[in-house]
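The values are calculated or read from the model by the stated rules, or taken from the named source; none is laboratory data. This structure is a prediction, so every number in the text was calculated from the model and none was measured. Every residue, glycine as well, gets a Cβ built from its backbone with ideal geometry; the counts of neighbours run over all protein chains shown.
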Amino acid sequence: MSEFDLSTMRHSAAHVMAAAIQKLYPEAKFDIGPSTEEGFYYDVDLPKRLVPEDLKEIEKVMKKMLGQRLPFTRKEVSREEAKALFESKGQTFKLSRLEDIPEGETVSLYYTGDDYVDLCRGPHVEHTGQIGAVKLLSLAGSYFRGNEKNPMLQRIYGTAFESKEALQEYLTRIEEAKKRDHRKIGAEMELFSTHEEIGPGLVCWHPMGARIRHVLETFWKEAHYEHGYELMYTPHVGRALLWQTSGHLDFYREGMYANMEIDGDPYYVKPMNCPFHIMIYKTRPRSYRELPARWAELGTVYRYEKAGVLHGLMRVRGFTQDDAHIICTPEQIEDEIREVLRFSMYMWKCFGFKDVKAYLATRPAKAVGDDNMWAQAMHSLENAVKAEGVDCEVDEGGGAFYGPKIDLKIKDALGREWQTSTIQFDFNLPERFDMTYVGADGQKHRPYMVHRALLGSLERFFGILIEHYAGKFPLWLAPEQVRILPISEKFTDYARDLEKKLQAKHIRCSVDVEADPIGGKIRRGRDMRIPYLLVVGEREAAAGEVAVRSRDKGEEGAMKFDDVLARLVKEIEEKQ
């Protein structure tokens, strides 16, 4: 079944759910019920607060309706007719949504059988029998129109598939996703936490999480130097004048943290790094001989997100952006885009992601920059994607007003797609900040500017990594790579000697000195998902050996310590 057909079926299932709710709760008032990437939902105002057991009753009515093969019937009506209908039913949210439809545009209703009618443009399947299998999943709260000043509605999530088998496969995947939830694993492995006392959406990295972050940052920095970038550090705040020039105060003020006053001047905490990089560029005249300039920064930024959308590491208010800006001549742009794509693919390979797809977002209806610049930018993006052999899909009109872009999406171990790398043209900021370079003709020219992120943000990427690996990080990333387990206190000195040798090779390790039996130590190490546990006792100490227990391969038996050390070093260097 195509994505379009599946979306249509799921939207139809949302109407069936609403019809079932109406049968069970005639006083229900309905808002919207769209399909989503993985299912559907409906926002409803009900006379009671639903609990999970209620979903079973709603689902039972839905399944009965699927068997009845009830038709979906479209009816076009006048605005006045629609208003009178929903007023008679007391559907105040539908009346509000009716006002959103522009004058002169068709107003259409959809009937599910004879009892339920909805304000909807469609399309839908022909009848309820064409909806293969449904399952209601969860409950949440949702403010009407997303505004906390409006009434709180109940959001009911569900999904639908073409067959029971496909539904069961999805539900199995959902159960696996729950086991891999980065918030659960993060707590178990003591990687990170958030605290209401500090503030929602602000992440604290614990020592074990900080170890992984250190490895990520070190790898990121070294890779950037190897790919011809220079690294920068910029302030966390800037004067309001800077954000006025960049346009953020005009177009992004609601996402910025409240301003502060310093020496009588208003300042804002930065939501972006780009204006700072531009100011560095403008510290002196630039020549075409200096370009391209590839400038990167792990810059921590702060953006206001509504409390209802905050989610562990995936949606936060303070995050460190994997950020870079490429400033170049028009002639250099295609080669630069190709290089960014190659760099991106290299990074994803190192982190174990093999399924990567590009989405090419083209010019929207309203845009800045002349036609020639857009044409050249699009041509450069298309050529780069083709040349690098990356699977690509076109997102017509999906570009920003200031330039086209390529988004790269990766699939994790569960087949879920995550938007990560972005290559974004910007025709706006070079104009606003009057960026120039002196060309070979001795004249001033406007450079091209590209915003570029590979990982997105360290916080979100860390969350993706946790779920992709279910906390079982590859050896080079694991916060604790090796733990040495002496069978008794007598062998602690031998274990400490091994620890020093491992540390001399920069291997992250520890010795479990607790007085527990060896079985308890092994369980503890396994629960912390440590890649290698090295058990040492009398025989191992006498022979210069260790008994190796691999997280991924199980018990491997006794081996010479020097051989194990060489193996670990090789595995880390090759990022296996």
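Name every residue in segment 525-570 that is touching a residue at least 60 places away in the same chain (Cβ under 8 Å), within 17 Å of Leu498 (Cβ to Cβ) and assigned to a helix (DSSP H, G or I), in order of residue number. Within segment 525-570, Phe561, Leu565, Leu568, Val569 meet the criteria.
Residues that are part of a loop (DSSP other than H, G, I, E, B) and charged (D, E, K, R) were ranked within segment 36-53; the one that is nearest to Gln154 (Cα to Cα) is Arg49. In segment 108-121, the qualifying residues are those that are free of Cβ contacts under 8 Å to residues at least 60 places away in the same chain and assigned to a loop (DSSP other than H, G, I, E, B), and the one that is nearest to Lys75 (Cα to Cα) is Arg121. Within segment 453-465, residues that are of a type in the set (Asp, Glu) reach partners that are in a strand (DSSP E or B) with beta carbons closer than 7 Å, at six or more positions or on different chains, in the pairs Glu459/Val203; Glu459/Phe319; Glu459/Thr320. Selection within segment 300-316: residues that are of a type in the set (Gly, Ala, Ser) and not in a loop (DSSP other than H, G, I, E, B). The member of this set that is farthest from Gly146 (Cα to Cα) is Ala307. Restricting segment 202-215 to residues that are out of contact with any strand residue (DSSP E or B) (no Cβ under 7 Å at 6 or more places or on another chain) and over 16 Å from Leu298 (Cβ atoms) leaves a set whose member that is surrounded by the fewest Cβ atoms within 10 Å (Cβ to Cβ) is Pro207. Within segment 57-76, being among the aliphatic types (A, V, I, L, M) and assigned to a helix (DSSP H, G or I) holds for Ile58, Val61, Met62, Met65, Leu66.
Let's see how each residue does on (1) surrounded by fewer than 19 Cβ atoms within 10 Å (Cβ to Cβ); (2) polar (S, T, N, Q); (3) within 19 Å of Glu188 (Cβ to Cβ):
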{"site": "Pro474", "(1), (2), (3)": "yes, no, yes"}
{"site": "Tyr494", "(1), (2), (3)": "no, no, no"}
{"site": "Ser510", "(1), (2), (3)": "yes, yes, yes"}
{"site": "Lys521", "(1), (2), (3)": "no, no, yes"}
{"site": "Val535", "(1), (2), (3)": "no, no, no"}
{"site": "Ala547", "(1), (2), (3)": "no, no, no"}
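Selection of segment 312-369 for residues being under 19 Å from Lys386 (Cα atoms) and of a type in the set (Ser, Thr, Tyr) yields Ser344, Tyr346, Tyr359, Thr362. Can Asp516 be described as closer than 25 Å to Val215 by Cβ, surrounded by fewer than 16 Cβ atoms within 10 Å (Cβ to Cβ) and among the charged types (D, E, K, R)? No. Identification of strands (runs of 3 or more DSSP E) wholly contained in segment 341-436 with 1 or more residues that are in contact (Cβ under 8 Å) with a residue 60 or more places away in the chain yields 356-361, 405-411, 417-426. Just wondering, is there one or more residues in segment 70-77 that are of a type in the set (Val, Ile, Thr) and more than 20 Å from Val16 (Cα to Cα)? Yes: one or more hits. Scanning segment 109-125 for residues that are at pLDDT 95 or above and among the charged types (D, E, K, R) gives a single hit, Asp118.
All told, Ser35 meets the bar of being in contact (Cβ under 8 Å) with a residue 12 or more places away in the chain and touching a Lys or Arg at 6+ places or on another chain (Cβ under 6 Å).
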